[in-house]
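Visitor: I am attaching a structure below and will ask some questions about it afterwards.
The values are calculated or read from the model by the stated rules, or taken from the named source; none is laboratory data. None of the values given here were measured: they were computed from a predicted structure. Neighbour counts run over all protein chains shown; Cβ positions are idealised from the backbone, glycine included. Accessible surface areas use protein heavy atoms only, side chains included; no ligands, DNA or RNA. Shrake-Rupley method; radii C 1.70, N 1.55, O 1.52, S 1.80 Å.
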Amino acid sequence: MPFFDRWSRREDEELLALAIKNTPYNRELGRFDPDAAEHIAPLWIAIRETPRWRNAGLTLENAVEKLTGSMLGERYNEAGEKILSRSTRRSFKRIAADARKDGHHEGAAQLEKLAEAGVIPREETV
C-alpha cells in the first residue's frame, strides 16, 4: 500500500472515530444523532463525502462497524463492492478445491467466481 493511501486511510479513520466519540447515540433511533449536537453535523457531512466512506456505504447506523472493518483492512471500490485481499482470494480457491473434491461442485463454482472477480458484490437493500 502506497504511503499516501496509508496516510489518507489513517486520517479518514481518525475523523470518523472523532465523530463517533463526540456524537450522542440515540437509543430510540438506534443510531448516532448528529442533530443533537449542532457542531458535529458538518463533520458527519464531510466524512460521508470522502471516497473511502462513500464507497463503503457509511451510514449513522453502521459507522462503528465500518470503522472497525477499515481498521482491519476492508476496502471498497467505487461501486461499493468489498475488495478481496490476495490472501482471501487464495483461501477461496483452496476452499473451492476442497469442496470440489468432496462433491460440492455448485458451492465450489460460486467461491471460484468470487475469487476470480476479486470483489464481493454490494448487497442491495430491499
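Visitor: Would you mind telling me which numbered condition in (1) farther than 30 Å from Trp44 by Cα; (2) open to solvent by 90 Å² or more (accessible area, probe 1.4 Å); (3) of a type in the set (A, V, I, L, M, F, W, C) Met71 fails?
Guide: Among (1) farther than 30 Å from Trp44 by Cα; (2) open to solvent by 90 Å² or more (accessible area, probe 1.4 Å); (3) of a type in the set (A, V, I, L, M, F, W, C), the lone unmet condition for Met71 is (1).
Visitor: Within the group Pro42, Pro51, Pro121, which residue is open to solvent by 70 Å² or more (accessible area, probe 1.4 Å) and touching a residue at least 40 places away in the same chain (Cβ under 8 Å)?
Guide: Pro121
Visitor: What residue, among those in the stretch 72-94 that are in contact with a helix residue (DSSP H, G or I) (Cβ under 6 Å, 6 or more places away or on another chain) and part of a helix (DSSP H, G or I), is nearest to Ala17 (Cα to Cα)?
Guide: The residue in question is Arg89.
Visitor: In addition: Name the single residue, out of those in the stretch 76-113 being within 17 Å of the chain's Cα centre (by Cα) and among the hydrophobic types (A, V, I, L, M, F, W, C), that is nearest to Arg9 (Cα to Cα).
Guide: Among them, the one singled out is Ile83.
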